[in-house]
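Enquirer: Please see the structure below; I have some questions.
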Amino acid sequence: MPGAGGGPGAVREGGLTEVSYSGNQANALIHLYRAEVGKMTAYRQRLDMTTNWSVVTTAGLASFALGDVNNSHATFLFAMFMNYFFLRLEARRFRTFEIAHHRVRIMERFFYPAMLGDRVDPGWHQLLLAELAKPRSPMSRADALGWRLNRNYLWIYAAVLLAWFAKLDLAQPKGWILEFPEALALADIGNFPGWLVVAGVSAFYCHLIWLALRAARTYPLEEG
């Protein structure tokens, strides 16, 4: 879009741009920009809060499970579930954050360059109007999950997995030798056989890795 057209805000020969925005229009856009930046700040804090919940919950459950040899290793499976709950909650908040971020980027990419004398697409207002009329996140739910995994949660899940392995090993006497497939019995939970538990955890982690790998790497307005 940038650089196409010569409408309002286009560079005129011999000087800076003769901006065609009225005072009311410019003030309205400036106040909208400030409001969207404020919304981004609030949701940035909410994102950090969700991550903190995940870290504190993981630390608490790990301390409980490793604090006594008699405590079940199933505590770590519960930690995996709770972290997935926090991840989905954070991804939803992230998509809302990106709605405001998208509008801010539109104004930073078109409105302010026009005010400062750059040539911009005169139809950029329609892009902003469409975002205001029907708010939508520029990324899918799966992409939001992948982005938050890449930023924070893969490290948390890696810590949970290592702690789970440590718990299974600490429950065995010294000198115990790991042998498969008998070692899978270490993961038994009640009537659930260990091989089924290990298979479930493996499938879950493969799903997380797939989400992290498939997430879009480029923000929509930064393409091109």
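Enquirer: So if we plug the beta-carbon distance of residue 116 and residue 185 into 1/(1 + (r/R0)^6) with R0 = 45 Å, what FRET efficiency do we get, rounded to 0.05? Mind showing how you got there, number by number?
Expert: Numbers: r = 69 Å, r/R0 = 1.53.
Once the sixth-power term is evaluated, E becomes 0.05.
Enquirer: Could you grab the Rg to Rh ratio for segment 72-189? Cα atoms only, Kirkwood for Rh. Numbers along the way, then the final one.
Expert: Working: Rg = 24.1 Å, Rh = 18.4 Å.
Taking Rg over the Kirkwood Rh, I get 1.31.
Every read-out reported here was derived from the displayed coordinates using simple, explicitly stated rules and does not represent laboratory data. Keep in mind the model is a prediction, meaning the values are calculated, not measured. Reconstructed Cβ throughout: ideal geometry from the backbone, glycine too, with neighbour counts over all protein chains shown.
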